[in-house]
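We did not get these values from a lab; they are worked out from the coordinates using the rules stated. Everything numeric here is computed off the predicted structure, so don't read it as measured data. We place every Cβ from the backbone using ideal geometry, glycine too, and count neighbours over all the protein chains shown.
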Amino acid sequence: MKRRWIAAGLAGGMVAFAWSFLSWMVFPWRDGLFERVGDEQALVETVGKQMPKRGIYLLPAPPRLREVPFAERKQAEETFLRRKLSGPGGFFVVNPAGMPSFGPALAIGFATHLLGAFLILLVLSLLKPMNVWSQAATSAMLGLLVGVLAHVPEWNWWGFPFAFVATEILDLVVGWFAAGLAMACLIPSKATNDSAR
């Protein structure tokens, strides 16, 4: 029995990872989600000078209240809010050394999907026996839950485009439905429990 659950977790992780790879590298539905910079080289030079450390940058930058005297905090917050509302604004993830290489990123991505599959299996093991499609739907609902909690705040607080957020959530739902279906075919379901009686 344990072998079937382990096999199910491996299968679910592989299916979810395969879907993620196809979604990002093959299907064209993300082509319009990333805008082009007018003068990329000029921006690279500016980023190198103005954002020299690896990290997350906000534009405009919020005041660091611990560095602002208490008597000046209200004015600092009002100035920040006024600049934030007038724009432009931005959320930047900067890595001066360059982006991670493709190989290690793929390995970490695969390990992440494997972990996700086994966590979903843990949830399924705590629920009453269901048929294959209900197990797959439960997996998809967990993907939806993760997508809503992870990506809607990006739209709400940081101004991520709605199309990007909706695509990411749909990607999770489809991917984990497929992974859930693969796992459900390998673990005990309501049908198998009924037939064993």
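Taking a quarter of the surface of the Cα convex hull of the chain gives a mean projected area of 15.5 nm².
Please get the size of the charge dipole for the chain, origin at its Cα centre, with Cβ charges of +1 on Lys and Arg and -1 on Asp and Glu, quoted in debye to the nearest 20. It would help to have the intermediate numbers written out before the result.
On the way: 18 positive and 13 negative charges, 148 e Å.
Dipole about the Cα centre, nearest 20: 720 debye.
Take each peptide in 116-123, 23-30, 148-155, count the other Cβ atoms within 10 Å of every residue, and average; sorted highest first, the result is 116-123, 148-155, 23-30. Calculated mean residue ellipticity, 222 nm, the chain: -22500 deg cm²/dmol, from DSSP H runs (n ≥ 4) at -39500 (n - 2.57) each, averaged per residue and rounded to 500. Using the charge dipole of the chain (Lys, Arg: +1 at Cβ; Asp, Glu: -1 at Cβ; taken about the Cα centre), state which of 183, 167, 102 has its Cα farthest towards the positive end. Going by the Cα projections, it comes out as 183. Positive-end ranking of 143, 6, 79 along the dipole of the chain, with charges on Cβ about the Cα centre, is headed by 6. Each residue, residue 56 and residue 71, gets one label point 7 Å from its Cα in the Cβ direction; the gap between the two is 3.4 nm. Convex hull volume of the C-alpha atoms in the range 49-95, normalised per residue: 81 Å³. Think of each Lys and Arg Cβ as +1 and each Asp and Glu Cβ as -1; about the Cα centre, that makes the dipole of the range 49-95 roughly 160 debye. Working from Cα pairs under 8 Å separated by at least six residues, relative contact order for the chain is 35 percent. Positive end of the dipole of the chain (Cβ unit charges, origin at the Cα centre): among 117, 27, 155, the Cα lying farthest that way belongs to 117. With R₀ fixed at 35 Å, the C-beta to C-beta distance from residue 3 to residue 105 puts the FRET efficiency at about 0.70.
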